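Working notes for the structure below.
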Amino acid sequence: MTKNSLILVCFFLAVITCVINGCQGQQEIKKAQFFTNGQSLYSAKCENCHGAKGEGLGNLYPPLTDTAFVRSIRHELACIVKHGLHKELIVDNRTFDTEMPANPALTDQEIAYILTYVGNAFGNELGLIDTEEVSVHLKNCAAKNSARSIDR
Amino acid sequence: MKKYVSFAISLMLWACAQEEQKRLPILGEREAVTKEVNGKSITDTIYQTIPSFTFINQDSMAVTSKDFDNSIYVADFFFTSCPSICPTMSKNLLKVLNKYQGNSEVKILSHSIDSKYDTPWVLKRYADKLGVEGNQWQFVHGSQQDIYTMADKYMVYAKEDAEAPGGFEHQGWFILIDKEKRIRGAYDGTNDDQVAQLMRDMDILLSEYSNDKK
């Protein structure tokens, strides 16, 4: 390999690294934006029950600090926020059955803000949950949710 | 210089003494009543008081105003399915309960404004889940009219309203009542600073009684 081609390879590697870093940087910025917007929505819509530190309230309202649980239902979070929840949950080794009210007025983007906040606060590390992910999850829960209400 | 220091110290001591003697205001309506006593006319002030009541609590037992005769208490109006301010109010009343746990001179009285849904059984489940035991904090059920009439007496607004979140429009006040059933303070039950003020005022009110006994 000539000296020149070696320099060329190094240059390309450098460019690729920069592009990847740049993307990650953008992703980080977007996550920070979603997190901040989500924080104010959380305090308006969620904090009354789930607490400023996601601690919940007694055995009435579940905490959001059970990181393994939150991670395990990532694909259901959007549906729960939008349509509420009428079934029993075991969180933090405790059973919760208080009905969660629906928030039908929230847009997909607002839900993405809230979930990015909850997903990266209180010890959770879910990374960015963007509007596209929320929209996909919401399409899949429509049928399930009507079944849920029939169950009751 | 020495003179200034001793003056400052005595001023501080005086200020502390004033603090100890502090009394809470008496709120609500009042009227002056003039009576003839031993041939002399004496003017007395009649303060607004909470009238007697009977409700059913979370254990399906009757709770009456007599049960509160020898204690100061905090009253509020809420409902168990309330999605807005009530959880914060309950969390803050838990702080009050924890501070005065076991003190027979302190009670809490939460009125449900949703008489259809909040039966004693539902109130019991709510209290259990909140972690409330014993009878220091009473959750009471009554007819809609009785509860709303009572809310007026505590000067708290509460009405059924289909437009409001959860179906009821109400205020999140914590009302502090003394042993004579007079209103001694009103605090925003959703505001941490005001709840802290409530607990400071409860200490003042309790000390009014212990000072009067001396």
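The values are calculated or read from the model by the stated rules, or taken from the named source; none is laboratory data. Predicted, not measured: the structure shown is a model, and the values here were computed from it. All Cβ positions, glycine included, derive from the backbone under ideal geometry; neighbour counts span all protein chains shown. Heavy atoms of the whole protein, side chains included, go into the accessibility calculation; ligands, DNA and RNA do not. Shrake-Rupley method; radii C 1.70, N 1.55, O 1.52, S 1.80 Å.
Provide the percentage of antiparallel DSSP beta bridges, counting only those with both residues in the protein assembly as shown; round to the nearest 5.
In the protein assembly as shown, approximately 75 percent of DSSP beta bridges are antiparallel ones.
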Sorting A:13, A:122, A:100 by the position of each Cα along the dipole of chain A (Lys, Arg +1; Asp, Glu -1; all at Cβ), the one nearest the positive end of that ordering is A:13
Within chain B, excluding any chymotrypsin sites (Phe, Trp or Tyr not before Pro) found in a DSSP loop (not H, G, I, E or B) and having at most 15 other Cβ atoms within 10 Å, the longest uninterrupted segment runs B:1-116
per DSSP, antiparallel bridges as share of beta bridges in the range B:51-213, % nearest 5, sits at 60
Under a straight-distance cross-link criterion of Cα-Cα below 22 Å, which lysines are reachable from residue A:53, leaving out those fewer than 8 residues away in the same chain? A:31, A:45, A:82, B:91, B:95, B:99, B:129
Of all the stretches in chain B, which is the longest one without any exposed loop site, taking GluC sites (Glu not before Pro) in a DSSP loop (any state but H, G, I, E, B) with at most 13 other Cβ atoms within 10 Å? B:30-132
Share of pairwise Cα separations in the range B:86-148, more than 16 Å, in percent: 45
Using just the C-alpha positions of the range A:61-112 as equal point scatterers, what log10 of I(q)/I(0) does the Debye formula give at each q in 0.17, 0.29 1/Å? -0.54, -1.25
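Add -39500 (n - 2.57) for each DSSP H run of 4 or more in chain B, then divide by its residues: what number comes out at 222 nm, to the nearest 500 deg cm²/dmol?
Using -39500 (n - 2.57) per qualifying helix, the result is -12000 deg cm²/dmol.
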For chain A, the dipole about the Cα centre with charges only on Cβ (Lys and Arg +1, Asp and Glu -1), to the nearest 20 debye, works out at 300
Using only the alpha-carbon atoms of chain A as identical scatterers, what base-10 log of I(q)/I(0) does the Debye formula give at q = 0.11, 0.14, 0.16 Å⁻¹? -0.49, -0.70, -0.87
Charge dipole (chain B, unit charges on Cβ, about Cα centre) - positive-most of B:209, B:109, B:185: B:209
Given R₀ = 56 Å, FRET efficiency for residue B:162-residue B:42 by Cβ-Cβ distance, to 0.05? 0.60
Protein chains only, probe 1.4 Å: how do A:10, B:82 rank by accessible area, largest first? A:10, B:82
Taking the Cβ-Cβ separation of residue B:66 and residue B:200 as r and a Förster radius of 35 Å, what is the calculated FRET efficiency to the nearest 0.05? 0.80
Please list, in chain and number order, the residues 5+ apart from residue B:171 or on another chain whose amide H is under 5 Å from its amide H, with Hs placed from the backbone. B:157
Taking every alpha carbon pair in the protein assembly as shown and sorting the distances into 10 angstrom bins from 0 up to the bin holding the longest one, the percent per bin comes out as 5, 18, 23, 19, 14, 9, 6, 3, 2, 1, 0, 0, 0
Note on the range B:51-213: contact order normalised by length, alpha-carbon pairs under 8 Å, 6 or more apart, percent, works out to 28
Mean-position separation - Cα centroids, the range B:100-119 and the range B:21-79, in angstrom: 17
Relative counts (whole %) of C-alpha pair distances in chain B, using bins that are 10 Å wide: 8, 30, 32, 16, 9, 4, 1, 0
Are there GluC sites (Glu not before Pro) in the range A:75-146 that DSSP puts in a loop and that have at most 15 other Cβ atoms within 10 Å, and which ones? A:88, A:99, A:125
One would report the Cα pair-distance distribution of the range B:113-214, bin width 5 Å, in %, as 2, 11, 15, 19, 23, 17, 8, 4, 2, 1, 0
Once R0 is set to 41 Å, what does the formula 1/(1 + (r/R0)^6) return for the Cβ-Cβ distance between residue A:29 and residue A:90, expressed as a FRET efficiency to the nearest 0.05? 0.65
